[in-house]
Amino acid sequence: MIKKATIFDIKRFAVHDGDGIRTTIFFKGCPLRCVWCHNPEGLTQKTDICFFEHKCILCGECARVCEKSAHKLQTNIHIFDKNACVLCASCEEACPNDSIKIYGKEVTVDELLPILLEDKDFFESSGGGVTLSGGECLVQADFCRELLSELKKNGISTAVDTSGFVSREKLNAVMPFTDIFLYDLKAYSEDVHIKCTGQSNKIILENLKYIDATGKPTEIRIPYVPEYNDGEIEALAEFISSLKHVTRVKILPYHNYASGKYAALGIENTLPCRLPTDEEIRAAEDIMLSHGIKVYER
Ligand code: SF4
Ligand code: SF4
């Protein structure tokens, strides 16, 4: 029995993480480093604290409760010493303006299950269920397997949102309890994939062919990032059209809403500058359609 997993969020009533109304669990840890990552708080598996300076109203509550003196307030300045922090969460609770957030919490299957079953009626009436996401949820595949198995015992539909950059062993661990994979494809060319994510895509393409050969359905998700992977759509469409069990393709327009998170985490902001236009997204969708691939209706 795997005791615990580290997660950084649970989103109820999610409508973009598979069919119907869903609860999505975001697991911490990811082996890829996509330059456009919009969940940088999920990159490492360790618990981390974020200070959102722009939200701080300089009330001093955090400094009052912090026993490690990690928060220091001077006239109009809030200095946060992350190295002094022991992640006790007192300041997160005390802050009246949500300026402090701790990402990463250890949970057990027994703790998660009642939360997930709470919305069973919504799942059933909408054709929804539970989605495991991240980060890369399959970094913690043994825990995912246990959780998915319990969900299936309770009649809940399950989806696993993965980058596919995982061992076959991890994929096989969750396969029997996964109804659908939400599978991210970032590039077909290996050099483009390395440039965008820091890793080769060979294992990702092979794993997708493997899943497809089992007959398990997949929804493919392609982040569209101008000047990074925008030249890959035709090759991806050709590849996807060779698969037999793809339910649809969703082109995800790149956005830069996460820039504040990079600053708050104190890590380098790698987000590209240029956002895609509607015309570019439509053109990418048209390429998919021209290959006979069903496209997600926005
Ligand atoms: S989490 Fe605890 S130790 Fe860290 S800064 Fe906040 S109050 Fe201080
Ligand atoms: S409690 Fe929140 S708003 Fe108040 S000083 Fe600390 S971070 Fe800023």
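The values are calculated or read from the model by the stated rules, or taken from the named source; none is laboratory data. As the structure is a computational prediction, the values presented were derived from the model and not from experiment. Backbone-built Cβ (ideal geometry, glycine too); neighbour counts: all protein chains shown. Quick note on the areas: whole protein, heavy atoms, side chains included, nothing else; ligands and nucleic acids left out. Shrake-Rupley method; radii C 1.70, N 1.55, O 1.52, S 1.80 Å.
For segment 33-42: of the residues being within 19 Å of Ser200 (Cβ to Cβ) and in contact with a strand residue (DSSP E or B) (Cβ under 9 Å, 6 or more places away or on another chain), which is surrounded by the fewest Cβ atoms within 10 Å (Cβ to Cβ)?
Trp36
Of the residues Leu236, Leu275, Leu252, which is in contact (Cβ under 8 Å) with a residue 24 or more places away in the chain, assigned to a loop (DSSP other than H, G, I, E, B) and under 23 Å from Tyr188 (Cβ atoms)?
Criteria check complete, one pass: Leu275.
Which members of segment 68-103 meet the condition of being more than 11 Å from ligand 1 (Cβ to nearest atom) and acidic (Asp, Glu)?
Asp98 - this is the single residue of segment 68-103 that is more than 11 Å from ligand 1 (Cβ to nearest atom) and acidic (Asp, Glu).
Could you tell me which of the residues Leu147, Leu117 is under 18 Å from Ile10 (Cα atoms) and under 21 Å from the mean Cα position of the chain (by Cα)?
On inspection, the qualifying residue turns out to be Leu147.
One residue is enough: does segment 104-119 have a residue meeting the conditions of a type in the set (D, E, K, R), within 8 Å of ligand 1 (Cβ to nearest atom) and out of contact with any Ser or Thr (no Cβ under 8 Å at 6 or more places or on another chain)?
no
Quick check on this structure: which one of Glu206, Glu227, Glu190 is open to solvent by 50 Å² or more (accessible area, probe 1.4 Å) and touching a Ser or Thr at 6+ places or on another chain (Cβ under 6 Å)?
Exactly one residue qualifies, and that residue is Glu190.
Are there strands (runs of 3 or more DSSP E) fully within segment 43-105 with at least 1 residues that are more than 8 Å from ligand 2 (Cβ to nearest atom) and exposed (fewer than 13 other Cβ atoms within 10 Å of the Cβ)? List them.
71-74, 77-80
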